[in-house]
Amino acid sequence: MSARPCVISKGFYERVLPSASVDLVLSYVALHWLSKLPTPLPGSQVTLLRRHAATVPDVALQWQAAAHSDLVRFLQLRVNELCDNGVLCTTMVADLDNPMAGTVNTAFNKCIADMVTAGIVSTASMEASAVPTYFRAMDDVRAAAAAVPELQLRALETVSIPMPFGNVAAMANFFSVVMKPAMIAHMTDAERADPAMHEALADGLLRHFDVDVEVHGAVEPLYKHVSMDYIYASFTRRPRVSSA
């Protein structure tokens with residue numbers, strides 16, 4: 001096996017490498033990002049968590065279907081690029097009903113709603129501010145794997161990683177870096193250029209993340225008890241069947 005460092009400026013929902021040209025593919029914390037926004041979310045809702053699905057069943061089904069299609073497409077592309085018996089390892093942010101995820105989601109929802117109330121952002125921009133991410137459950141990965149029989153699912157497990165922050169500002173900065181670009185992408189040019197919008201978002205995250213949570217009977221700041229949930233899935237490329 002040979003290894004050569006390289007950079008290929010293509011998205012992971014595109015063909016990246018020639019057929020049967022690579023032995024190992026690693027997709028690290030990326031596949032929760034969808035190829036596009038499936039459909040807007042109601043009100044100030046920024047992301048769709050499973051706990052909210054029952055309140056918007058039609059929207060939830062559209063998001064689940066879009067996420068399934070994207071993951072199947074990703075697997076189909078990689079299966080063509082992998083050599084026989086090659087390995088694909090993936091990690092993606094998961095929805096394991098972690099209450100901390102709901103708290104983070106609520107903070108962003110409140111920030112957007114606050115900016116509308118303050119007249120900084122329009123209602124139309126708020127309704128277009130959903131972030132195109134889908135946090136899968138284990139069954140979502142199993143369903144996509146079943147649609148690509150050339151791949152054998154070798155491992156599927158969940159991993160929860162504690163991510164404590166030193167203070168609320170560090171937590172707000174981290175999630176702002178991750179979420180803000182997608183959130184403001186559909187705002188007007190004037191809204192994106194307005195310093196008041198950026199200040200309101202930063203101040204809002206500080207305020208809404210500065211809450212206490214109960215952990216093992218003790219009340220602690222949220223920023224000390226943040227954790228991220230992931231799904232790890234590993235696949236092997238089945239040998240191609242010769243047409244001769």
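Name the residue, out of Ser9, Ser27, that is loosely packed, with under 14 Cβ neighbours inside 10 Å and either modelled with pLDDT under 90 or of a type outside the set (Asp, Glu) (or both).
Values: Ser27 fails: loosely packed, with under 14 Cβ neighbours inside 10 Å.
Result: Ser9 is the single residue among Ser9, Ser27 that is loosely packed, with under 14 Cβ neighbours inside 10 Å and either modelled with pLDDT under 90 or of a type outside the set (Asp, Glu) (or both).
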Any hit, the stretch 158-175, residues being modelled with pLDDT under 95, of a type in the set (A, V, I, L, M, F, W, C) and in a helix (DSSP H, G or I): yes
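Being touching a residue at least 40 places away in the same chain (Cβ under 8 Å) and assigned to a helix (DSSP H, G or I) narrows it down to one residue among Asp70, Asp23; which is it?
Values: Asp23 fails: assigned to a helix (DSSP H, G or I).
Result of the check over Asp70, Asp23: Asp70.
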Residue selected from the stretch 186-239 under the condition polar (S, T, N, Q) and assigned to a strand (DSSP E or B), by the criterion farthest from Glu150 (Cα to Cα): Ser227
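Could you check the stretch 130-150 and list, in sequence order, the residues that are more than 14 Å from Leu96 (Cα to Cα) and touching a Leu at 6+ places or on another chain (Cβ under 6 Å)?
From the stretch 130-150, those more than 14 Å from Leu96 (Cα to Cα) are 130-133, 142-150; that's our starting set.
Once the filter is applied, which keeps residues that are more than 14 Å from Leu96 (Cα to Cα) and touching a Leu at 6+ places or on another chain (Cβ under 6 Å), the stretch 130-150 yields Ala130, Pro132, Ala144, Ala145, Val148.
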Members of the stretch 159-201 found to be among the β-branched types (Val, Ile, Thr) and within 25 Å of Leu41 (Cβ to Cβ), listed by number: Val177, Val178, Ile184, Thr188
Leading residue by the ranking (surrounded by the most Cβ atoms within 10 Å (Cβ to Cβ)) among those in the stretch 104-132 that are touching a Phe, Trp or Tyr at 6+ places or on another chain (Cβ under 8 Å) and assigned to a helix (DSSP H, G or I): Phe108
Search result, residues across the stretch 39-54 that are in contact (Cβ under 8 Å) with a residue 12 or more places away in the chain and outside any helix (DSSP H, G or I): Thr39, Pro40, Leu41, Pro42, Gly43, Ser44, Gln45, Val46, Thr47, Leu48, Leu49
The stretch 167-189 residues that are closer than 20 Å to Phe209 by Cα, paired with ones that are of a type in the set (Asp, Glu) and in a helix (DSSP H, G or I) (beta carbon under 8 Å, 6 or more apart): Ile184/Glu191
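Taking the condition of being closer than 13 Å to Asp114 by Cβ and touching a helix residue (DSSP H, G or I) at 6+ places or on another chain (Cβ under 8 Å), how many residues in the stretch 174-217 meet it?
8
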Cβ pairs under 6 Å, 6+ apart, first in the stretch 207-223 and hydrophobic (A, V, I, L, M, F, W, C), second in a loop (DSSP other than H, G, I, E, B) and loosely packed, with under 12 Cβ neighbours inside 10 Å: none
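The values are calculated or read from the model by the stated rules, or taken from the named source; none is laboratory data. Predicted model, so just to flag it, every value in this text is computed and none were measured. For neighbour counting, all protein chains shown are included, and Cβ atoms are generated from backbone atoms with ideal geometry for every residue, glycine included.
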